[in-house]
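The values are calculated or read from the model by the stated rules, or taken from the named source; none is laboratory data. These figures come from a predicted structure and were not determined experimentally. Ligands, DNA and RNA are stripped out before the accessible areas are found, and what is left, the full protein with its side chains, is counted by its heavy atoms. Shrake-Rupley method; radii C 1.70, N 1.55, O 1.52, S 1.80 Å.
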Amino acid sequence: MGVKNKKIVAIIGFSRSGKDICGDVFIGNGYKRVAFADKVKEDFINLPRNRFKLGFNNGKFHMGLTLQELEENKHLYRKEIIEFAERKRVDEPYYWVDKVKDKIEGYENIVITDLRRLPEIEYLESLKSKGYEVNYINVIRPLNNGGMFDMDGETSKTILWCEYNNLFSVRILNASSVEELIKTTNLVIQDLKL
């Protein structure tokens, strides 16, 4: 498959909007998953300050935090992970983009399940000039009272930037069940011929 046939689907939305469920549907349709946060988590668990963080683990002394333990206890580390990622971005805005470039450019068709920052979009936009097809999908999940879930400031800026620049190929409203979200995502794949 030549570069001009490679497709990138970048999903953007607030926490708990349904991005991972949509991503799973794309994976079921032959896409490879890439997430900027995966590399953040890998680097985070290798920080010296995370040694002995959990103390004892089933009676054995724990020599470090594993990815599985981090995922299972994400709520305990979320703030530290975000601070770690942001510190790296201050020094180098493309730090996390550079960490996953090989995966993004190496796979046939990919779905990015955690698009959140403008440098990530700038990088993806630069791939268009190389022949990549890039589609941006905004997943929206309203609360029962009409509000939104966990609105993050940087994600808000990125969504507004995409909106202003007409980048969204489609918006998926996740206002019902998981089954309905899966069905809608499959329809999007068919409609966009992804």
Give me the aspartates and glutamates in straight-line cross-link reach of residue 99: C-alpha distance below 14 Å, same-chain residues under 8 apart excluded. 38, 42, 43, 120
Accessible area of the stretch 70-185 with a 1.4 Å probe: how many percent of it is carbon plus sulfur? 50 percent
